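J.: The structure is given below, and queries will be raised subsequently.
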Amino acid sequence: MTYEEFWRPLTALYDRREAVAVARLVMEECCRMTFADMLCGRPGDDAMLRPLQQRLLEGEPVQYIIGVAEFGNLRLHVEPGVLIPRPETLELCRLAQEDYRRWQTGRSKPAASGEYAVLDIGTGSGCIACTLALTMAEARVTAWDIAETALRIARQNAERLGARIAIERRDALRPPADHRRWHLVVSNPPYICQSELTAMEARVTEHEPHTALFVPDADPLLFYRHIGRYAATALRPGGSLMAETNERYATAVKRLFTDLGLSGATVHSDQYGKERFVTARTA
């Protein structure tokens, strides 16, 4: 099977440019084919390529097929059962890194390794936790998730990347009674309402874990209420809470954080101009 024979049927699901890119990615990652191999075809590869092509035609995300998702400068292992990291979440990491630099600047003496305590609630693949652990020299990063698949994959990614992270099984809706434990709490919780499911691509709704995506229509702020309440007591004085949100509810999340006693609640936009993040602080 040649490159063209592989990518052309994919235009039933992707536009031409994306079909070409997806085909090349799969042929390189799964079959270790050079571009010359792709153009000419390589004897014996059809038996491997046809099932991969069929999985793509059935809508399976290419990241699950190759087992890799790019997140900034990181290559993370992903598989069914864990959410595929989105590029907009990198902005949440950038906001966290800015907060860390602010904390560094405000220190009266050099910080010791592990002095800046960070919690990532609902870590999934570990994309946020790994990014922060690898870019914050004095940080001590802890990551929570309730799903065993996510915990296993996050551990694998942290170990492979050399990111020092304490990974724990915790339910975001039943957090412990911590007091002044963290400098920063960051989260990308489930925030898509069930009613939005029909407008989403089948590649997402039929393959990615619904528990990591959806909340009940009747309670779209479910996770923010529990996370905000926890952060209000678990953050140290001057600590920060940062969360990714549904653009439809960013203002409501801001109001919720304020009502929970957090200060300076602010809505931030992503690279597409959508109101995607809310930050707040303790006094």
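Any read-out appearing in this document is the output of simple, stated calculations on the displayed coordinates, not a laboratory observation. These numbers come from a predicted model, not from an experiment. In this analysis, Cβ positions are derived from the backbone assuming ideal geometry, glycine residues included, and neighbour counts consider all displayed protein chains.
J.: When the helices in the chain are scored as -39500 (n - 2.57) per DSSP H run of 4 or longer and the sum is shared across all residues, what 222 nm value do you end up with, to the nearest 500 deg cm²/dmol?
T.: Details: 11 runs with 111 residues, N = 283.
Only helices count here, giving -11500 deg cm²/dmol.
J.: Another question, if that's okay. Highest mean first, how do 183-196, 243-256 rank when packing is the count of other Cβ atoms within 10 Å averaged over residues?
T.: Values: 183-196: 21.3, 243-256: 19.8.
My ranking of the peptides, most packed first, is 183-196, 243-256.
J.: Can you list which of the trypsin sites (Lys or Arg not before Pro) found in the range 66-139 are DSSP loop residues with at most 13 other C-beta atoms within 10 Å?
T.: Values: sites: R75, R94, R101, R102, R107; in loops: R107.
Answer in residue order: R107.
J.: Still on this structure, I have one more. So how strong a dipole does the range 33-141 carry about its Cα centre when Lys and Arg Cβ are +1 and Asp and Glu Cβ are -1, to the nearest 20 debye? Could you put the intermediate results ahead of the total?
T.: Details: 11 positive and 14 negative charges, 90 e Å.
I would put it at about 440 debye.
J.: Now for a different question. Where in the range 69-96 is the amide nitrogen less than 20 Å from a point lying 7 Å along the Cα-to-Cβ axis of S269?
T.: 87-96
J.: Counting Lys and Arg as +1 and Asp and Glu as -1, what is the net charge of the other residues whose Cβ lies under 14 Å from the Cβ of A163?
T.: Values: positive: R75, R140, R155, R160, R164; negative: D120, E159.
So the surrounding residues net to +3.
J.: Measuring from label point to label point, each 7 Å out along Cα→Cβ, what is the A252 to L57 span in nm?
T.: The modelled label-to-label distance comes out at 4.2 nm.
J.: Going by alpha carbons, how many degrees (0 to 90, nearest 10) lie between the helix axis of 250-259 and the longest principal axis of the chain?
T.: 20
J.: Please compute the modelled spin-label separation between I66 and E98, points set 7 Å along Cα→Cβ, answer in nm with one decimal.
T.: Modelled inter-label distance: 3.1 nm.
J.: Mind putting a number on the dipole of the chain about its Cα centre? Charges go on the C-beta only, +1 for Lys and Arg and -1 for Asp and Glu, and I need it in Debye to the nearest 20.
T.: Values: 35 positive and 37 negative charges, 264 e Å.
Using only the charged Cβ atoms, the result is roughly 1260 debye.
J.: Work out, step by step, the length gained on full extension between R181 and E196: first 0.36 nm times the residue separation, then minus their alpha carbon distance; give nm to one decimal.
T.: 1.8 nm
J.: Next question. Could you give the angle, 0 to 90 degrees to the nearest 10, between helix 222-234's Cα long axis and the longest principal axis of the Cα atoms of the chain?
T.: Taking the Cα atoms of the chain, the angle to 222-234 is about 40 degrees.
J.: Right, next: Please compute P(r) over all alpha-carbon pairs of the chain, binned at 5 Å starting from zero, and give each bin as a whole-number percent.
T.: 1, 6, 12, 15, 17, 15, 12, 8, 6, 5, 3, 1, 0, 0
J.: How tilted is helix 46-57 with respect to the longest principal axis of the chain? Cα atoms for both, answer in degrees (0 to 90, nearest 10).
T.: Between the helix axis and the principal axis of the chain, the angle is about 50 degrees.
J.: Mark the label point 7 Å from the Cα of D259 along Cα→Cβ and return the residues of the range 191-226 whose backbone N is within less than 16 Å of it.
T.: Residues 218-226 fall inside that zone.
J.: When only C-alpha pairs under 8 Å and at least 6 residues apart count, what is the relative contact order of the chain, in percent? Provide the component values of the computation, followed by the final result.
T.: Numbers: 510 pairs, mean separation 39.4, N = 283.
Reported relative contact order: 14 percent.
J.: Suppose we keep just the DSSP beta bridges with both residues in the chain; what percent of those would be antiparallel, to 5?
T.: For the chain, the DSSP antiparallel bridge percentage is about 40.
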